[in-house]
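Taking it in order: structure first as structure tokens, then the write-up.
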Amino acid sequence: MGIIGVISLWIIPVIIGFILIYGTLKKVPTYESFVEGGKEGITISFSIIPYLVGMLVAISVFRASGALEFLMNFMKPALELLNIPAEIVPLAFIRPISGTAALGLTSDIIATYGPDSFIGMLAATMQGSTDTTLYVLTVYFGAVGIRKMGDALKVGLLADLVGIIAAIVIVTLLFA
């Protein structure tokens, strides 16, 4: 096992041990704090379930209605003009909504075209350079009761767009 393997094997236990020792030295009741954090985690988990179900239903309706397919066909001429593969469009639209659905699409793209293909590398780069903006806003903002999320939505979607464009440009420059 190389040095990276040893580090990755020991880093989490060392961090946890450090936190426990530091907390004990600072006279913090570490076990009680851990139990209280676990209680809060369970409460938050149950409170986000309605938001999560709503998001999953919306994704299913979007895909099952054919709206995604229609959007792809509508954009195909412009994408061909810019030399952007149409197969990547569903990933660009699904990634801000659901990380799991985007990972499934990325896996399908890589299984179909291969990990070393232009489309495979583009999908992997897009997966790593964007975030699940709508999921984050819906679940986490909803869990803590934030109702006004317009600016966060704009900034998050702009960041996703920049990530998608950067992925296309970088993969095209490096691998096309």
Residues (surrounded by fewer than 20 Cβ atoms within 10 Å (Cβ to Cβ), out of contact with any Phe, Trp or Tyr (no Cβ under 9 Å at 6 or more places or on another chain) and either of a type in the set (A, V, I, L, M, F, W, C) or in a helix (DSSP H, G or I) (or both)) located in the stretch 101-120: LEU103, GLY104, SER107, ASP108, ILE110, ALA111, THR112, TYR113
Test: ILE146 is outside any helix (DSSP H, G or I), farther than 19 Å from VAL57 by Cβ and open to solvent by less than 40 Å² (accessible area, probe 1.4 Å): no
Being over 12 Å from ALA92 (Cα atoms) and open to solvent by 60 Å² or more (accessible area, probe 1.4 Å): is that true of VAL169 here? yes
Looking at this structure, is LYS154 more than 18 Å from ALA101 (Cβ to Cβ) and not in a helix (DSSP H, G or I)? no
Just a yes or no: is a residue in the stretch 70-90 in contact with an Asp or Glu (Cβ under 8 Å, 6 or more places away or on another chain) and assigned to a helix (DSSP H, G or I)? yes
Which residue pairs have Cβ atoms closer than 8 Å, lie 6 or more positions apart in sequence or on different chains, and pair a first residue in the stretch 26-50 that is without any contact (Cβ under 8 Å) to a residue 12 or more places away in the chain and part of a helix (DSSP H, G or I) with a second residue that is open to solvent by 60 Å² or more (accessible area, probe 1.4 Å) and among the polar types (S, T, N, Q)? THR30/THR24
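Look at TYR113 and say whether it is out of contact with any Leu (no Cβ under 9 Å at 6 or more places or on another chain) and touching a residue at least 60 places away in the same chain (Cβ under 8 Å).
Working: out of contact with any Leu (no Cβ under 9 Å at 6 or more places or on another chain): yes; touching a residue at least 60 places away in the same chain (Cβ under 8 Å): no.
Against the criterion (out of contact with any Leu (no Cβ under 9 Å at 6 or more places or on another chain) and touching a residue at least 60 places away in the same chain (Cβ under 8 Å)), TYR113 does not qualify.
The values are calculated or read from the model by the stated rules, or taken from the named source; none is laboratory data. As the structure is a prediction and not an experimental result, all values here were calculated from the model. So basically every Cβ, Gly included, is an ideal-geometry build from the backbone, and we count neighbours across all protein chains shown. Just the protein is used for accessible areas: all its heavy atoms, side chains included, with ligands, DNA and RNA removed. Shrake-Rupley method; radii C 1.70, N 1.55, O 1.52, S 1.80 Å.
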